[in-house]
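The values are calculated or read from the model by the stated rules, or taken from the named source; none is laboratory data. This structure is a prediction, so every number in the text was calculated from the model and none was measured. All accessible areas refer to the heavy atoms of the entire protein, side chains included, with ligands and DNA or RNA removed. Shrake-Rupley method; radii C 1.70, N 1.55, O 1.52, S 1.80 Å.
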Amino acid sequence: MTDDLELIEAAQDGSVDAFSELVHGYRDGLFRFLLTRCASHADAEDALQDTFINAYRYIRTYDSRWRFSTWLYRIAIRNAARLKPPQVQELGELGDDEGDPLSHCIADSERQNLWRSARRLLTDEVFTAMWLRYVEDMSVNDISAVLKRSISWTKVNLMRGRRVLGVELNKEATVARSEAYG
Amino acid sequence: MDKLGKRLRDDAASIEAEISAGLDRRIQASLQNVAPERARPASRRSRPYSFWWASSLTGIAAAIAVIAVINLERPEPTPIAGNTVQLFVIPAINLKVEAAMLTSPLQQELEALQSDLRKVQRAVREDVDLSF
């Protein structure tokens, strides 16, 4: 964190190297998140590039009371939303694998990746809240700041997301059991 | 971490998100062409409560002063001659009212009532004459 602050100060003074070093630790996680949010792999790459450009351009507006990742995710979400075509606004309607960047990025496995189910079953905001909570380990306060929602909204929707994905997980377990018993 | 949380974390980790060298170069090249913008000046701090109280009181005092000056400079209204209204006081008339009892045939009763009415009219006229 202290290192981050030093790098942020250097980036605010115009050091591209400091900024590159600063975001290096965040870029894989951010790109993974953008792959789940964008309509294609190319869009996710563009969104990542735009996120870093905007973050560097407005680095002087960064408020150190926030975690840097919180601020970065806010920019990333805005960019992802901007790149998203209107016909795929509703993730629930995304049925085919052709346009889904996740289908090319998930390693072959016997089991279904739960994040694909999450894309299908949850709204964008709830999906993001779940991702930030369980992948990025963000606190409820930080998630509500990223999503610009109240803390109670965040708590309620995290619970809803958990319930929906819990049902999906149970369904999967039931199918696996029935297959095992023939 | 519970089962669902662990599963979500594992599944996220299984998403391959390697940033290609080409993308990395692209990002670095883009960053070279950008400079951090000047931070916008912080929005003006809200003024203290005492400021709002002071300005409210000043406003009220100014309004009172303007009203006082306008009213003091205005000349006294003078009564317009010949436009006075004279009031006449009409004394209350004490009328005696009695209910008519029908004890005779209708024609006779009508004549008696008309006679009574004439007497009453005379009495009223006399009373009015005495009053003025």
Response to the item:
Note, the stretch A:56-69: 3J(HN,Hα) by Karplus (6.51, -1.76, 1.60, θ = phi - 60°), whole Hz, Gly/Pro = x, goes 5, 4, 9, 4, 6, 8, 5, 9, 5, 5, 8, 6, 5, 5
Worksheet item: What list of ³J(HN,Hα) values in whole Hz, one per residue of the stretch B:11-18 in order, does the Karplus curve 6.51 cos²θ - 1.76 cosθ + 1.60 (θ = phi - 60°) give from phi, with Gly and Pro shown as x?
Response: 5, 5, 5, 7, 7, 6, 9, 7
Worksheet entry | ³J(HN,Hα), Karplus 6.51/-1.76/1.60, whole Hz, each residue of the stretch B:31-38, x for Gly, Pro | 5, 5, 8, 10, 10, x, 7, 5
Worksheet item: Extension gain residue B:74-residue B:21, at 0.36 nm per residue separation less the Cα-Cα distance, in nm?
Response: 10.3 nm
Practice prompt. Give the ranking of A:131, B:52, A:153, A:71 by solvent-accessible surface, highest area first, calculated with a 1.4 Å probe.
Written response: B:52, A:153, A:71, A:131
Worksheet item: Which order do A:37, A:65 take when ranked by solvent-accessible area (1.4 Å probe, heavy atoms of all protein chains), largest first?
Response: A:65, A:37
Response to the item:
Any residue on another chain or 5+ positions along whose placed amide H is under 5 Å from the amide H of residue A:62 is listed here as none
Discussion item. Using 0.36 nm times the number of residues separating residue B:46 and residue B:120, minus their current alpha carbon distance, what extension gain do you get?
Written reply: 18.0 nm
Worksheet, complete the sentence: The lysines whose Cα lies under 16 Å from the Cα of residue B:96, excluding any fewer than 8 residues away in the same chain, are B:119
Worksheet entry | Amide H partners (placed H, <5 Å) of residue A:139, local residues excluded | none
